[in-house]
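Every number in this text was worked out from the coordinates using simple rules, so none of it is lab data. Every value quoted in this text rests on a predicted model; they were computed, and no experiment measured them. Cβ: placed from backbone, ideal geometry, glycine included. Neighbour counts: every protein chain shown.
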Amino acid sequence: MSTILLVEDELTLAETLRYNLEREGYTVLLAADGVQGLELARRDQPDLIVLDIMLPRLDGFSVCRILRQESDVPVIMLTARQDEVDRIVGLELGADDYIGKPFSLGEFLARVRAIMRRTERQPRGASREVLEAGALRVDTSSRRAWRESGELALPQKEFDLLACLIRNRGIALSRDLLLERVWGLDFIGDSRTVDVHIRWLREKIELDPARPRYIQTVRGVGYRFEAPEDLP
């Protein structure tokens, strides 16, 4: 049975969401502020966190930033503010989805189901595959990656994105295709998610992220992976 941590200080909304999530078969943990939410996330290791932005003691952005340094747990952010800047900041911090208040219960549950399905479909025990390109080496079975300077600390989506790019080296992949292959067909989000993860990847694998050697931007399309040995 999957566990969902709901970090929401509006008691009526929190209880309504908990009741309906439990009807869906989930175990639900409640936290009324950011500090408590962070403590429960660390202690109970939930399968999904639903995180309000405007929280007492520690706001949702700060909680998400800390979580992303420690975990790949999926995060859905909630906010009553409709400013697009908030949405962009949430995605930049690594949130998997973003829902603006007020929202319908049906939409909320659909987004939760979509993320939980993607989590359940993560491959386990896959056959050994080692991808090499330039100074990069990626072992998909152990889910470890190295650059000549040492091992890379890649969260789940960054690892999957890098593996997808290397497998398709030399091919221009659209943002929509990368969303489909890395995040899944039922991902509810937009192409900014790909751009953010590409930027994070470049910071880790490129000697100069401003002048990338590996991940090239293809204007109007998306991205193409190139290794130095592939270039004429």
| query | Percent antiparallel among DSSP beta bridges with both residues in the chain, to the nearest 5? | reply | 50
| task | Can you tell me what the convex hull of the Cα atoms of the chain projects to on average, as an area in nm²? | result | 13.5
| note | With +1 at each Lys and Arg Cβ and -1 at each Asp and Glu Cβ, the charge dipole magnitude of the stretch 25-72 around its Cα centre, to the nearest 20 debye, comes out at 100
| In the chain, with Lys and Arg counted as +1 and Asp and Glu as -1 at Cβ, which of these residues, Ile115, Leu67, Leu179, has the Cα nearest the positive end of the dipole, that is, farthest along it? | Leu179
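With the cut-off at 1.5 for a/c, could you classify the stretch 16-55 from its C-alpha gyration tensor as rounded, prolate or oblate? It would help to have the intermediate numbers written out before the result.
Working: a/c = 2.46, a/b = 1.41, b/c = 1.74.
Verdict is oblate for the stretch 16-55.
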| request: Have a look at Leu30, Ile198, Leu17 and report the one farthest towards the positive end of the charge dipole of the chain, computed about the Cα centre with Cβ charges (Lys/Arg +1, Asp/Glu -1). | output: Ile198
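Placing unit charges on C-beta atoms (Lys and Arg positive, Asp and Glu negative, everything else neutral), compute the dipole magnitude of the chain about its Cα centre in debye, rounded to 20. Let's see the in-between values first.
On the way: 34 positive and 40 negative charges, 136 e Å.
That gives the chain a dipole magnitude of about 660 debye.
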| message | If R₀ is 25 angstrom, what is the calculated FRET efficiency for the pair Ser191 and Arg213, using the beta carbon separation as r and rounding to 0.05? | response | 0.60
| field | Projected-area mean, the stretch 130-230, by convex hull of Cα positions, square nanometres | value | 6.2
| message | Which of rounded, prolate or oblate describes the stretch 3-120 when judged by the alpha-carbon gyration tensor and an a/c cut-off of 1.5? | response | rounded
| remark: Computed ³J(HN,Hα) along the stretch 28-37: with the Karplus parameters 6.51/-1.76/1.60, θ = phi - 60°, integer Hz and x for glycine or proline, the list is 10, 9, 10, 9, 9, 8, x, 5, 5, x
